[in-house]
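The values are calculated or read from the model by the stated rules, or taken from the named source; none is laboratory data. Treat the numbers as computed from the prediction; the structure is a model and nothing was measured. Heads up, the Cβs are rebuilt from the backbone with ideal geometry, glycines too, and the neighbour counts pull from every protein chain shown.
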Amino acid sequence: MTIQKNYPDKKEDYLLSIVICGRNDNYMGDFKYRITTCINFLARSAAVINRLCDIELIVVDWNSEVPLHEVLSLTKEAEEITKFVIIPPDTASKYNKTGLSFHASCAPNIGIRRSNGNYIMAMPADILVTAISLQNLLLLLEEKIVPAFDIENTSLHIGRRMIPWQFVQGKPGLDEWERYLQLHSFNLRGCDGGPGIGSGLGAYVLSRKIWHSTQAFLEELGGWGWADTEFDLRSSQRYPSVVLSYFGIVFFDMDQEPKKREILKKFINPEPVSFFSEARNPDWGLRGHALEIKKSSYKNDVKNDLNADVGSITGKNEVSGGLIAELTVHTVREHVLSLVNKWMNFKDSVIRWLNSNAAGWEIMYALSWYSIYHYPRTYIEFGINRAYVSTIVAAACSSVEIYAIDDLQPKGRSHPAPDPFYMNLLFSQVGYRGYMRFISGDMSTAFQRLKDSSIGPLSFDLALVHGDMLGSDTIRQLSDILPHLASGGMLVYTACSAESLQNDWQHIQKLFPQFTYVMCKSGMTGLIMTASLFNNDVGVLPVGENGFQVDFGKAPRSPLRFRGIHYRVYQALRIPSRYPEYSKRILKRCFRI
């Protein structure tokens, strides 16, 4: 293999240079966490496969008042491979488009021009590169995997899978990320870019020859969108492109909360298509500018660099007492109703069930509240009574791990056992992207079997336990389950009657006095929380030392009745000749005449 090595600015010899860009701001919510995780995870992957010496990471720091290299907490491995190219505010201001503090095309060009690798990869700053993907990519670039195309003269595209933003909100550490990707990656939404236009990719990998001959991204496009497509259309005039999914190379993108992406719509690029393969800008990438290149100067005391959870939050923050007021926010009710409207095939039966079963409404309301505001990582449903209840959690937090414990036997049940295929269909309808496991068989040993076979220590943030399906074994089972409730977690417990729940409640409160107990108005549903509530909490009535009562309001009424009334009114108004008769009826009913 012959590699061109006579391009300008090349001072060192690496197989691969990786370029990411950013600035020290709160872009899309805690950008520092995202870029720190991106860098540390990449370095961790390179260290695992023993390829740190073959790569360099160029971070283009555009327009930061306080430079990124001073504030990012990097592992030892990350410090070895990372260089920061500083574009100070006085320089950046000359190139920023109106209203923007970042130039989406010029910034990566600066890193590409100053890279030393034989191949250069440009990617977003919130991408996770696994050890397996990085290993396969480097083997491909070395041609130890023989492809059907000329690597040096091909634009290599890497697809991505989108990680739900709810999981990112919890700021997991590196070990948590590794576990999450191994368990969930098969179910994450894929995005390999549109065929022939190279948009929405996880990364571009090209030889120095292609980057320099095309002059990289068009710097007239300083906003968002189209720059990658414009580049791909130009380069494809001379070079073919290949998506590397066949080689097992795929990256993972930390998705952003949808409402935070709305701001980008103000700065959408125009969509030019060039007649030439080069950008016709010989000074691309701020050629001739003397820019500072720095190493990380942030001081940390990380002991175990490879496994460090730098930048993460250890454990979940406890749910504070004031947050219980969220239980009465209309958003929670709307979430439940929006899902009921999606269940068109049995919408009316769901609402009738909620109308006739106060505990059912309280269960769905409580699960909705916790899922919307606290993004559970793990949910356990012990005894599945209704197949659609768990979709409340899946729809609000598509990244959650779900463990469904049920014998799946119809005999002796008041409601048929759920069909696993049917549950999967419901989950797909609400966009669920997580890991799910059914634990069937003997219910009395199911939780112990889950503990014995758990991938890592068993801990859950949210649980629903149907006490009537546990029978006389209820207290023992709850005693086994509650120690695994995570900090800030909640267990929803329901029984077939208020008397039954009250008896169980008293036993559990004695065994676990450290928890907070909230009884719902029906008396058949209770919430057990690892949180402290206060007597002045909005919407909560104190009952005893650590007991509270809450009212979730009434369930929505069945639309059948209103549908019938509307239809009758419509039919009546179609016959004007009968208006006098209708008027008499209305007067009699209103005034009793």
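Would you tally the residues in the range 377-387 being crowded, with 24+ Cβ neighbours inside 10 Å and either of a type in the set (Ser, Thr, Tyr) or within 18 Å of SER185 (Cα to Cα) (or both)?
1
Given the criteria of a type in the set (Asp, Glu) and farther than 24 Å from TYR370 by Cα, does ASP442 qualify?
yes
Would you be able to tell me the number of residues in the range 515-549 that are closer than 16 Å to ASP504 by Cβ, touching a Phe, Trp or Tyr at 6+ places or on another chain (Cβ under 9 Å) and modelled with pLDDT of 85 or more?
So the count comes out to 9.
Do we have any residue at all in the range 169-183 that's at pLDDT 95 or above, assigned to a helix (DSSP H, G or I), out of contact with any Pro (no Cβ under 7 Å at 6 or more places or on another chain) and within 26 Å of ILE268 (Cβ to Cβ)?
No: the range 169-183 contains no residue that is at pLDDT 95 or above, assigned to a helix (DSSP H, G or I), out of contact with any Pro (no Cβ under 7 Å at 6 or more places or on another chain) and within 26 Å of ILE268 (Cβ to Cβ).
Taking the conditions exactly as written (small (Gly, Ala, Ser), in the same structural domain as PRO147 (by TED's automatic domain parsing), surrounded by 23 or more Cβ atoms within 10 Å (Cβ to Cβ) and closer than 27 Å to GLU178 by Cβ), does ALA107 satisfy them or not?
no
For the structure I just gave you, tell me whether LYS83 is in contact with a strand residue (DSSP E or B) (Cβ under 6 Å, 6 or more places away or on another chain) and surrounded by fewer than 23 Cβ atoms within 10 Å (Cβ to Cβ).
Answer is yes for this residue.
In the range 433-471, how many residues are more than 18 Å from PRO483 (Cβ to Cβ) and part of a loop (DSSP other than H, G, I, E, B)?
The qualifying residues number 7.
Residues to consider are SER245, SER213, SER207; find the one that is assigned by TED's automatic domain parsing to the domain that holds ILE110, polar (S, T, N, Q), within 24 Å of the chain's Cα centre (by Cα) and at pLDDT 90 or above.
Going through SER245, SER213, SER207 in turn, the sole match is SER245.
Which of the residues spanning the range 385-399 are farther than 23 Å from ASN357 by Cα and out of contact with any Ser or Thr (no Cβ under 7 Å at 6 or more places or on another chain)?
SER398, SER399, listed by residue number.
Check every one of the strands (runs of 3 or more DSSP E) wholly within the range 63-163 and list those with 2 or more residues that are touching a residue at least 24 places away in the same chain (Cβ under 8 Å) and under 16 Å from ILE293 (Cα atoms).
Per the criteria, 82-87.
For the range 451-467, how many residues meet the condition of being among the aliphatic types (A, V, I, L, M) and more than 30 Å from CYS496 (Cβ to Cβ)?
Number satisfying all stated conditions: 1.
Contact list please: Cβ distance under 6 Å, first residue in the range 10-36 and in the same structural domain as PHE84 (by TED's automatic domain parsing) and under 18 Å from ILE86 (Cβ atoms), second residue among the small types (Gly, Ala, Ser) and in a helix (DSSP H, G or I), pairs at least six apart or on different chains.
VAL19/GLY111; CYS21/ALA107
Quick one: count up the residues across the range 203-214 that are in contact with a Ser or Thr (Cβ under 9 Å, 6 or more places away or on another chain) and over 19 Å from SER274 (Cα atoms).
Of the residues in the range 203-214, 5 are in contact with a Ser or Thr (Cβ under 9 Å, 6 or more places away or on another chain) and over 19 Å from SER274 (Cα atoms).
Going by the conditions given, is TYR403 assigned by TED's automatic domain parsing to the domain that holds LEU464, touching a strand residue (DSSP E or B) at 6+ places or on another chain (Cβ under 9 Å) and in contact (Cβ under 8 Å) with a residue 60 or more places away in the chain?
no
Scan the range 497-519 and tell me whether some residue there is without any contact (Cβ under 8 Å) to a residue 24 or more places away in the chain and assigned to a loop (DSSP other than H, G, I, E, B).
Yes; the residues of the range 497-519 include at least one that is without any contact (Cβ under 8 Å) to a residue 24 or more places away in the chain and assigned to a loop (DSSP other than H, G, I, E, B).
Would you check which residues across the range 484-503 are loosely packed, with under 15 Cβ neighbours inside 10 Å and under 23 Å from GLY441 (Cα atoms) and list them?
Once the filter is applied, which keeps residues that are loosely packed, with under 15 Cβ neighbours inside 10 Å and under 23 Å from GLY441 (Cα atoms), the range 484-503 yields only CYS496.
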